[in-house]
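Chemist: I'd like to ask some things about the structure below.
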Amino acid sequence: MSILTYIFGWPLVAALALVFVPGNYRVVVRAVAVLATLISAALAVKMFCQFVPGANGYQFEQQIPWVDSLGISYHVGVDGLNVGLILMGAIVAFAAACCSWEIQTREKEFYILLLLMSGGILGAFASLDLFFFYFLHELALVPTFIMIGVWGRGERRNYATFQITIYLSIGALLALIGLIALYLQSGANTFDIPALIEHAKTNPMTVHAQNFIFPLLLFGFGILVSLWPFHSWAPLGYGSAPSPTAMIHAGILKKFGLYGLIRIALPLMPQAAHHWMNFVAWLCLGNILYVGWVAMRQRDLNLLIGNSSVAHMGFIFLGIASLNLIGVTGAVFIMVAHGFLAALTFALSGYIYQKTGTLQMSELGGLCRKLRFIGTALLMAAMAGCGLPGFANFVGEVTVFFGAWKEFPVVVVLAVWGGLVIGGIYMTRAVRTILHGPLPAKFSNLADATNSWRRLPYALLLAALFVFGCFPRLLTSQIEPDAGKIVSMANPLPSMTALSEAQNPKSDTRN
Amino acid sequence: MNASLMFLEIWVVALGIVMMLADFFFCVTPERKRFLAYLGIAVLGVLFLELLGPDAPTGTAFHGAFVEDSMAIFFKRFFIIAAILVLFLSSEFSDSVPGGILEFYSLIIFALAGMLFAASSNDFVMLFVSIELITVTFYVLVSYQRARLLSLEAGVKYLIIGALSSAFMVFGIALIWGTAGTMNFTELAQVAPQFLDNKIFLTGVIFLFAGLGFKIAAVPFQIWAPDVYQGAPTPATAFLAVGSKAAGFVLLLRVLFTAIPAVTARWADFLIIVSALTILYGNLCALPQRNLKRLLGYSSISHAGYMLLGVAAISASGQSAVMYYLAGYLFTVVAAFTVIALVMQHLDHEDVSALAGLNQRSPLLATTMTLSMVSLAGIPPLAGFFGKFLLLKAVIEQGLSTPNHGYYCLTFVALAGILISFYYYFGVIRAIYWSKDTRDLSPIPLSGGAKFLALLCIAGMFWIGIFPNTVLNLANAAAFGFK
């Protein structure tokens, strides 16, 4: 058994085990959930440390045939693209399980869904088979809707549940159509991603087919990642979600679409990628500038964080759109960094909501006087969010800007402006209103997170941001070789382009 | 003449007769009559193992009217398992059936015999006789609770619409026979290409389709489904939803792909439209439903639509997807109706709100119902997901290999249907776990048999969803051997 199977298997097994635990054993339920995610996080750290950067092929690989007639197999493995994501996912899942003390009703069901979510999405990242890639993501996605509907907060909870369910289901189903079409069109009769890529090297897909399938994947995944203009589910959804759900969804699940684009769409459909990426570069300005501007107008902390997390997706799309080594490496780096950051900010806002009962910024103020630890952590998270050097986000964003400069100088100029100025304005303004100024009288006896168990998730996430911010080579050295492979496949030699254009789209549709 | 191929059917009919006569000879208390159901189940189990094993004989009998091929064997296995589950369910339901429960059992077995003949029919006479055997039995089964007005109403509706559709079908068969001069599917396939422009022949095909469309509840012949599902005794509803629908599908596959493949190839657009309308109608009408059995009635229409995706694909992989989907649908639907039967048999209404607090009253039933809804909605890792995946794959495959853009439209209609269905399936789950208006929190007593049945259905849903290989290989063998 590969270590990857254990990393995502433990939460799933724990979810199954919890079904048989009586609902009133609250301590047991919580302990099982925290323990399972802790084991999976520890295994992920071990796996990350053992990973050899730049080694040939995939590591910790395991393949078991599942449905022979369709070419589906259970196939897991890591390379530089997903090793960081799995590490991030496992740590965030652990932090989210720790932060779930705020859930007071129907805890058993909540933890079962939380474990399904974490196990499912970690499995999706580890999977090297298209079918399981989709299957496990879907397994993780559906609990999100239920959690928002049942444990969500705010008056617009039902509306938010509907919106996020419809949006994300459409996105997932579009991507499913795209993946099935990809499987059929490739002619390789396998769902195995490495095998598909190998097959595509000798038999590239026709440009006609690529132009049909690529947009399905781009927009399917784009909806899941809140690509502008399909982003409107995100702020409200996260604003209404219980904070552990928002942590896992914004932190981990949202990276699924981006990972899918890099892992599947770029290497298999290079011509279409080139064609569409110019368009994506401009769409991502919508994320960075327009959604950043919307974030500036927010009066609710969670909506602000939600919008800012949508805005950050713009940088990742810009990195992918640049289709060069530096840009793609930067994009993967931000995916990891943003996972930690989004989880941290939602965890902190969850704590504040739990203690004060509101996230309206006009009603909050001076919280740093009482909540010293939480306040400081929120300040740091806000600074990381506007890209202060020393935090991981800075590294990723700078890398993306360097990478994209050659292709899209105008977009980069606007994005830098958006990232620095707009991000700076809304983040510092939020920090000023919430943490500084006079403390309203009703909040005079707020309790800070004092015991170290409560502080652990926040400290862990902050530490991760610091470590990767100060020692980016830990991550970039792992990403770079495999990002290079993806980029070389996404920028095919002219002879390959001629080969796929020479194939007549009519005659090759099915063989 | 090769009557040995029909051993299974003969045994099943004999079992039905014995079951019916048993009432005269065994004067037993109602509790002990449950054991007669178990006896019937045991006999069916033995027949399954003995006659439908991996080395079951194949061939044709009665001048090609009766065919035993891999598809027939696949469906016969399906029908026997369905009958076993339904007999189990009926034995749990027996206190709600005032008149003799043994006739109820034997009627189920007679309907099963009809379904087994349907799986093997390769001739219009065989088709019609098997359909009538199924339908006439169901007239009785549906109106079995004579004291319930709803049950009688359902029976009358089913009778009138069923008789009408049978009339259409006979008329259709007459027209086809009148033009083509043969009743046998294999022979018809050879002469059918001559009649592609013959309006009388095509009218016959349309009428035949109307009759089969009634069995599977495809738009526009779906109107009976919600009323009958609501009124019929729950085990009869379950058998109607699973067995009768599957019988409709096996006959549809036989007619479209054995008897008149030439016509079918030309009618892709027609099948696409019927499938799309069925999906949309079922899902949209299920949205406002509060009555659980009615809701499942509409949902069964939408599932007929999903399965028609595989038929509309006009390919072997489409047929295999239909068969796989039916196998998953069997356990899922029986699970749902088991819960309904156990929770609601002593209530005067079947509103979704009756499920409120079920997770406290009986965690096992709550889990069963939740998994069933999740599987119907098509969410991994249960059976429904892989089935929908195969159906969509078949449709997209056909879309890529033919210039017919209707397949892409159909794919998107199916996606819309799946999306809509999330709403009402999750509404049921929501009612179980999070409904506020819980009045009755008394635990539901479950007999050992009921627990076993629920666990069996859960195991079936997971088995087909997580280990699809076995069923898929059988379905593939049936579909590809069939071409």
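Chemist: Could you list A:Leu115, B:Leu400 so that the one with the fewest beta carbons within 10 Å of its beta carbon is first and the one with the most is last?
Modeler: Exposure proxy ranking, most exposed first: B:Leu400, A:Leu115.
Chemist: Let me ask something else. Starting with the fewest neighbours, write out A:Trp453, A:Trp66 ranked by other beta-carbon atoms found within 10 Å of each beta-carbon.
Modeler: A:Trp453, A:Trp66
Chemist: Pull up the cross-link candidates among the aspartates and glutamates for A:Lys406, meaning alpha carbon to alpha carbon under 19 Å and not fewer than 8 places away within one chain.
Modeler: Straight-distance partners of A:Lys406: A:Glu397, A:Glu480.
Chemist: So what is the relative contact order of chain B, in percent, for Cα pairs below 8 Å that sit 6 or more residues apart?
Modeler: 15 percent
Chemist: Could you line up B:Cys457, B:Cys409, A:Cys98 from fewest to most neighbouring Cβ atoms inside 10 Å?
Modeler: In increasing order of surrounding Cβ atoms, one gets B:Cys409, A:Cys98, B:Cys457.
Chemist: Going by alpha carbons, how many degrees (0 to 90, nearest 10) lie between the helix axis of A:452-470 and the longest principal axis of chain A?
Modeler: The helix A:452-470 is inclined about 50 degrees to chain A.
Chemist: Name the residue farthest towards the positive end of the dipole of segment A:3-502 from the options A:Ile64, A:Leu130, A:Leu388, assuming +1 on Cβ of Lys and Arg, -1 on Cβ of Asp and Glu, about the Cα centre.
Modeler: A:Leu388
Chemist: While we're on this one: Treating only the Cβ of Lys, Arg, Asp and Glu as charged (+1, +1, -1, -1), what charge dipole size does segment B:273-483 show about its Cα centre? Round to the nearest 20 debye.
Modeler: That gives segment B:273-483 a dipole magnitude of about 100 debye.
Chemist: Among A:Ala55, B:Trp434, A:Trp453, pick out the residue whose Cα is farthest towards the positive end of the charge dipole of the protein assembly as shown, where Lys and Arg carry +1 and Asp and Glu carry -1 on C-beta, about the Cα centre.
Modeler: With unit charges placed on the Cβ atoms, the residue in question is A:Trp453.
Chemist: While we're on this one: About the Cα centre, and with charges only on the beta carbon of Lys, Arg (+1) and Asp, Glu (-1), how big is the dipole of segment A:105-164? Nearest 20 debye, please.
Modeler: Charge dipole, segment A:105-164, about its Cα centre: 280 debye, nearest 20.
Chemist: Using the beta-carbon distance between B:Ile223 and A:Arg106 and R0 = 35 Å, what value does 1/(1 + (r/R0)^6) give for FRET efficiency, to the nearest 0.05?
Modeler: E(calc), rounded to 0.05, equals 0.30.
Chemist: About its Cα centre, how strong a charge dipole does the protein assembly as shown have in debye, to the nearest 20, once Lys and Arg get +1 and Asp and Glu get -1 at the Cβ?
Modeler: In debye, rounded to 20, the protein assembly as shown gives about 2700.
Chemist: How far apart, in nm, are the 7 Å Cα→Cβ label points at B:Ile160 and B:Val125?
Modeler: It works out to 3.4 nm between the two label points.
Chemist: Tell me, how many Å apart are the Cα centres for segment B:59-131 and for segment A:264-322?
Modeler: 58 Å
Chemist: A 19 angstrom limit on the alpha carbon distance is what I want to check against. Which of B:Lys76/B:Lys293; A:Lys355/A:Lys442; A:Lys201/B:Lys388; B:Lys33/B:Lys76 exceed it?
Modeler: Beyond 19 Å: B:Lys76/B:Lys293; A:Lys201/B:Lys388; B:Lys33/B:Lys76.
Chemist: Using every Cα-Cα pair within chain A, state what percent have a distance larger than 39 Å.
Modeler: So the portion of pairs separated by more than 39 Å is 19 percent.
Chemist: Shifting gears a bit: Which of rounded, prolate or oblate describes segment B:195-338 when judged by the alpha-carbon gyration tensor and an a/c cut-off of 1.5?
Modeler: Since a/c reaches 1.5 and a/b is larger than b/c, the shape of segment B:195-338 is classed as prolate.
Chemist: Sticking with this one: Across peptide A:106-116, what mean number of C-beta atoms from other chains lies inside 10 Å of a residue's C-beta?
Modeler: Per residue, the average neighbour count from other chains is 1.
Chemist: Oh, and also: Cα centroids of segment B:156-220 and segment B:338-401: how far apart, whole angstrom?
Modeler: Segment B:156-220 and segment B:338-401 have Cα centres separated by 34 Å.
Chemist: Would you calculate the volume per residue, in Å³, of the smallest convex hull containing every Cα atom of chain B?
Modeler: Each residue corresponds to 128 Å³ of Cα convex hull volume.
Chemist: Which residue, B:Gly318, B:Phe385, B:Ala192, has the largest displacement toward the positive end of the dipole of chain B when charges sit on each Cβ (Lys, Arg +1; Asp, Glu -1)?
Modeler: B:Phe385
Chemist: Run the quick spin-label model on B:Leu347 and B:Ile444: label points 7 Å from Cα toward the beta carbon, then report their separation in nm to one decimal.
Modeler: Placing both labels 7 Å beyond Cα along the Cβ direction yields 0.9 nm.
Chemist: Roughly how many nanometres apart are two label points built 7 Å out from the Cα toward the Cβ at A:Leu35 and B:Val140?
Modeler: Those two pseudo-labels are separated by 5.8 nm.
Chemist: Please list, or write none, the aspartates and glutamates whose alpha carbon is within less than 13 Å of the alpha carbon of A:Lys370, excluding same-chain residues fewer than 8 places away.
Modeler: Candidates past the 8-residue exclusion: A:Asp448.
Chemist: If you fit an axis through the alpha-carbon atoms of helix B:363-377 and take the longest principal axis of the Cα set of chain B, what angle between them do you get, 0 to 90°, nearest 10?
Modeler: 20 degrees
Chemist: Could you pull out the trypsin sites (Lys or Arg not before Pro) across segment B:258-293 that fall in loop regions by DSSP (anything but H, G, I, E, B) with no more than 16 other Cβ atoms inside 10 Å?
Modeler: B:Arg290
Chemist: If you stretched the chain out fully between A:Val467 and A:Ser444, how much longer would it get, using 0.36 nm times the residue separation minus the C-alpha to C-alpha distance?
Modeler: Taking 0.36 nm per residue and subtracting the Cα distance, the gain is 4.8 nm.
Chemist: Working from Cα positions, state the angle (0 to 90°, nearest 10) between the long axis of helix A:392-405 and the longest principal axis of chain A.
Modeler: That helix lies at roughly 40 degrees to the long axis.
Chemist: May I ask you to give the average projected area over all directions of the convex hull of the Cα atoms of the protein assembly as shown, in nm² rounded to one decimal?
Modeler: One quarter of the hull surface, i.e. the mean projection, equals 39.7 nm².
Readers should treat all values here as calculations from the given coordinates under stated rules, not as data from a laboratory. A quick note: this is a predicted structure, and the numbers were derived from the prediction, not measured. For neighbour counting, all protein chains shown are included, and Cβ atoms are generated from backbone atoms with ideal geometry for every residue, glycine included.
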